[in-house]
Amino acid sequence: MMSVAAFRSGPCRAVPRALCALRYSSSSSMSMSMAMSPMSVSSPSLFVAAPRCARRFFSSSPAIEDIVVPKMGDSITEGTVMGWLKNPGDAVKVDDVLVQLETDKITVEVRSHVGGALQSQLANKGDAVKVGAIIAKVKVGAAGSTLTPAAPAAAAAAAPAATPAAAATTKASESAAEKKSEAKKTAVTEEKKSAGPQIMVGAGELETRTPMSRMRKRIAERLKDAQNTYALLTTFNEVDMSALIEMRKVYGESFEKKHGTKLGFMSPFVKASANALKNQPLINAVIDGTDIVYRSYVDVSVAVATPTGLVVPVLRNCQDMGFADVEKELGKLSEKARTGQLSMDDMQGGTFTISNGGVFGSLFGTPIVNPPQSAILGMHATKPRPVAVDGKVEVRPMMYLALTYDHRLIDGREAVTFLKSIKEQIEDPRRIILDL
């Protein structure tokens with residue numbers, strides 16, 4: 001049997017180092033390896049040196065994880081930093097939002113895929129960042145400055161400190177939520193704050209230059225492209241809203257009790273449009289080069305105003321939806337739009353758009369087509385007006401409707417017939433249900 005001193009001084013002293021190579025092996029495989037060695041049982045040095053080696057291997061510093069700008073859609077290659085919700089040193093949990101990015105279509109939240117503490121921010125507010133670029137670094141497993149880490153010497157007795165740490169984590173989470181809410185509420189205000197200096201142009205008259213947001217620039221480009229490319233034409237009609245208002249008055253309460261959502265004006269117009277588009281498929285089609293692409297489905301884009309601009313989330317397969325389906329889905333999309341939670345999937349596609357300027361008091365207007373679609377329906381405010389009914393003058397709740405369309409594809413006959421169909425369905429809602 002070899003002595004301990006002889007083992008340490010002899011050529012076998014390299015054996016403990018070799019154990020470092022077994023760091024990824026299971027305990028069972030290590031036992032087998034040791035059993036096969038002729039000195040594994042007889043040499044006590046083997047059992048003394050291995051723990052030292054293991055300690056050297058596992059006593060490493062916390063890993064640093066890169067947080068990259070996620071893919072935001074096929075047509076989006078970069079975004080602008082709107083604001084950070086976490087500061088260096090803050091505790092970070094898995095799926096916490098670190099920073100918000102503004103794109104030309106939506107607001108994107110960049111989340112952490114690991115827990116730990118935010119080590120650094122690699123972009124400032126207002127900076128443009130490319131998809132795939134590293135935007136932050138997180139120290140994995142590290143306690144943030146908002147937490148109270150246990151002393152190294154008292155690591156074994158740190159269990160009682162779990163409650164304060166959990167409370168601190170909750171506070172950190174609440175703080176992040178408050179920052180997130182505040183960032184959304186002040187999006188427009190912050191844009192104004194980033195404006196250049198004020199210029200005096202007259203007695204008490206000031207001019208201030210404010211850089212356009214990425215979304216506003218994209219809206220401007222798309223609208224100008226539509227004006228330059230399309231042969232835009234608008235046709236009008238008016239609709240008596242009496243029957244629809246009466247239907248809501250009679251069935252509104254029972255509808256809400258059964259479906260858990262209110263019966264609004266938008267769902268009848270969406271369904272009436274879907275029926276009319278099936279009868280006039282050219283309005284649901286689009287020009288693609290020298291071809292005309294017809295769609296068998298109806299995906300309606302609904303214009304929603306947000307503090308940062310107009311967005312148009314999509315109601316998909318409206319031809320198969322009922323009033324309750326439309327109202328529920330529209331409620332979800334509207335809430336996501338107002339809180340900046342819309343995804344690219346919510347925005348992509350769409351074969352026809354409905355814009356309701358009436359909610360802002362618009363009486364009359366000509367909406368502009370949402371490229372690459374071929375037509376858009378504009379709803380306006382309902383106002384009591386005197387109209388002729390069966391040879392008599394009566395005051396009825398009336399709404400003007402406007403259909404703007406691409407005259408390269410759609411002739412006046414199709415446009416007028418389409419708008420007349422919507423008028424007839426709204427004035428007699430039974431037609432919507434019967435698809436007449």
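Neighbour counts of other Cβ atoms within 10 Å put VAL389, VAL140, VAL270 in the fewest-to-most order VAL389, VAL140, VAL270.
Counted over region 215-434, the DSSP beta bridges are approximately 80% antiparallel.
Counting other Cβ atoms within 10 Å as a rough exposure proxy, the listed residues THR351, THR339 run THR339, THR351 from fewest neighbours to most.
Basic side chains Lys and Arg get +1 at the Cβ, acidic Asp and Glu get -1 at the Cβ, and with that the dipole of region 215-434 about its Cα centre reaches some 460 debye. Residue separation of ARG216 and ASP127 scaled by 0.36 nm, minus their Cα-Cα distance, works out to 30.4 nm of gained length.
Expressed in nm², what is the orientationally averaged projection area of the convex hull enclosing the Cα positions of region 215-434? Each step should come with its number before you reach the end.
Values: hull surface 51.2 nm².
So the mean shadow area of the Cα hull is 12.8 nm².
Taking chymotrypsin sites (Phe, Trp or Tyr not before Pro) across region 321-398, the ones in a DSSP loop with at most 15 further Cβ atoms lying within 10 angstrom of their Cβ are PHE364. Available extension along the chain between VAL393 and ASN279 is 37.7 nm, counting 0.36 nm per residue and deducting the alpha carbon span.
By how many nm would the segment from ALA305 to LYS262 lengthen if fully extended, with 0.36 nm per residue of separation less the alpha-carbon distance?
13.5 nm
With a Förster radius of 56 Å applied to the C-beta separation of LEU434 and THR208, the computed FRET efficiency comes to 0.50.
I want to make sure I understand the PRE zone here: with the label point 7 angstrom from the Cα of PHE360 toward its beta carbon, which residues in region 294-331 have backbone N atoms less than 16 Å away? Under 16 Å, as judged by backbone N against the label point of PHE360, lie 302-313 of region 294-331.
Exposure proxy ranking for SER301, SER120, SER296, SER334, based on other Cβ atoms within 10 angstrom of each Cβ and starting from the fewest, stands as SER296, SER120, SER334, SER301.
All of the numbers you see were taken from the coordinates with simple rules; none came from a lab. Because the structure is a prediction, the values reported are computed rather than measured. Positions of Cβ are backbone-derived with ideal geometry, glycine not excepted, and every protein chain shown enters the neighbour counts.
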